[in-house]
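The values are calculated or read from the model by the stated rules, or taken from the named source; none is laboratory data. Owing to the predicted nature of the structure, the values given are computational and were not obtained by experimental measurement. Positions of Cβ are generated from backbone atoms using ideal geometry, with glycine treated the same way; all protein chains shown enter the neighbour counts. When the accessible area is computed, the model is the full protein with side chains, heavy atoms only, and any ligands, DNA or RNA have been set aside. Shrake-Rupley method; radii C 1.70, N 1.55, O 1.52, S 1.80 Å.
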Amino acid sequence: MKTTQTAGARTRAVIYLRISQDRTGAHLGVDRQREDCEALAERNGWEVVETYVDNDLSAYSGKKRPDYRRMLGDLDEGTATVVIAWHTDRLHRSPTELEEYIDLSERRGVNTHTCQAGPIDLSTPSGRMTARILGAVARHESEHKGERVARARRQRAMAGEWAGGIRPFGWGVPTGETKKRVDRKTGEETDEPVLDMAKAVPEEAEALRHWTDTILAGGSIRGLVKWCADKGLLTTRGNPITHTDMRDMLLRPRNAGIAVYRGEEVGRGQWEAIVEETRFRAVVAILTNPARTTTPGAQPKWLGSILYRCGRGECDQFVYVTQSGGRRFPSYRCQTGHGGGRRAEVVDQYVEDVIVERLSRPDAHDLLLPTGAEVDVAALQAESEQIRRRMTDLAGMFGAGQISMVQFTEGTDTARAQLEGATKQLAKAAMQDPLVGLVGAPDVSKAWKALELEQKRNVLRALVEVTLKTPRPGRMPDGGYFDYEAVEFEWKRGERQLRR
């Protein structure tokens, strides 16, 4: 198809520009293409009526190219009869897109000219064959480049190097050097510090250790999110830390200095580990445990809510706090609603006093659980690493056709079960008894008051079961009306039962 120009009228042309990677945001690749395309239009006496630009978008990735789609729509409406591109691979690297473009060109009499490959006559079989060959070559180049990039990323991961991306919370100490950065929207150029991604940021590292300790001591993600909000701690993007952010950061193998590639652990990283591996494994075991209880609803506001039991008659259901029934103060009432209530703040204060008194005794250390010192941590870590290598070997053997899918699946399932067992044992070694920090404290009462409510509830869960029996009517011997003897304590550690 030849480009014709009638007397007194210039041929209308459009220019399409695209660069798939613009790491600086300076648009230099697009600008170079624009200059060459405009020079080609001037040499041929064409009038450029529109220029379409898709910056930092790949024709191979399959992502939508807004200006390319707009150009097709305009061409279908007769905006121009010539399309100018720097090269055919700027237009297409997808056979599907190319066929759509060929159909449109034939239907609307559109000619294609490129600065590098010359004119492409899509009105002839040979021209279409040329376009398809160029498209196939371009696609091959894209696929080959993708393989090179993936291989380089894997090599960096296997070597424990930083693979780039958003700065992970905990690492990135300024080196004192700066680099240029261009805002993609405004084109404004600014200096930003060069970060050493192998070094930990002290205050962020301390926060990660605190989060780990809190989870191992029975704390909740929700409590940690609130702690971050109170401290004004933000993500590396400057946003408030959410429940999902917190969970993701706690589950990162990077915390323990472990490198990951495509979700699989591949060895040790070349950056500072912030958390010991045993403690990291323990946190993972806790947060991924299917039996882990979470509270997606309202956070409990009382010590014994859904922990104390009702002891009226034969009832053994849990109690909760309510102000229903015309009561002036919040009261513990049975979930079954069979009447009667105990003033919540009085019950909680009494339970707290009893727990503090018990943990203040000289024999309180007898209440602590074994520390897990009997677990051979080094052997378990070596076993875990061996299992992971075996899983990697199985994948390689399956890819090479040396084993069948059934053999690969069975071998992988067995290895995963073994790895889960080893991880649970590592978690056992790092788990922290909720009573640690209270037992042996110089002032147990002060240490108790410093705990968050969720931590106090964890101590209650671990140490004692409280039952609210039917109180005696009238005034008690101490002159008050609260029957303390109707609050029963069944100790889960040490002595079996204590009534006060």
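Place a +1 charge on the Cβ of each Lys and Arg in the range 71-118 and a -1 charge on the Cβ of each Asp and Glu, then give the dipole magnitude about the Cα centre in debye, rounded to the nearest 20.
Roughly 220 debye for the range 71-118.
Distance in nm between label sites at Phe329 and Glu276, each 7 Å beyond Cα in the beta-carbon direction?
4.5
At 0.36 nm per residue, minus the direct Cα-Cα distance, what do Glu452 and Leu368 gain on full extension? Give it in nm, one decimal, please.
Full-extension gain reported as 28.2 nm.
Can you pull the percent of the range 408-480's accessible area that's carbon plus sulfur, 1.4 Å probe, other chains left in place?
53
What distance in nm separates the simple spin-label points at Glu100 and Asp248, each placed 7 Å from Cα in the Cβ direction?
3.1
Would you mind working out the accessible area per residue for the range 210-252, using a 1.4 Å probe, and quoting it in Å²?
On a per-residue basis, the range 210-252 sits at 49 Å².
Calculated FRET efficiency, Tyr261 and Val49, Cβ-Cβ r, R0 51 Å, to nearest 0.05?
0.60
Calculate the FRET efficiency for Glu385 and Ala136 from the Cβ-Cβ distance with a Förster distance of 35 Å, rounded to the nearest 0.05.
0.20
Once fully extended, how much extra length lies between Thr414 and Arg343, figured as 0.36 nm per residue of separation less the alpha-carbon to alpha-carbon distance?
20.2 nm
Radius of gyration and Dmax for the range 418-488's Cα atoms, expressed in Å?
19.0, 62
Need one number: nm distance between label points at His210 and Asp74, each 7 Å from Cα along Cα→Cβ, rounded to one decimal.
5.5
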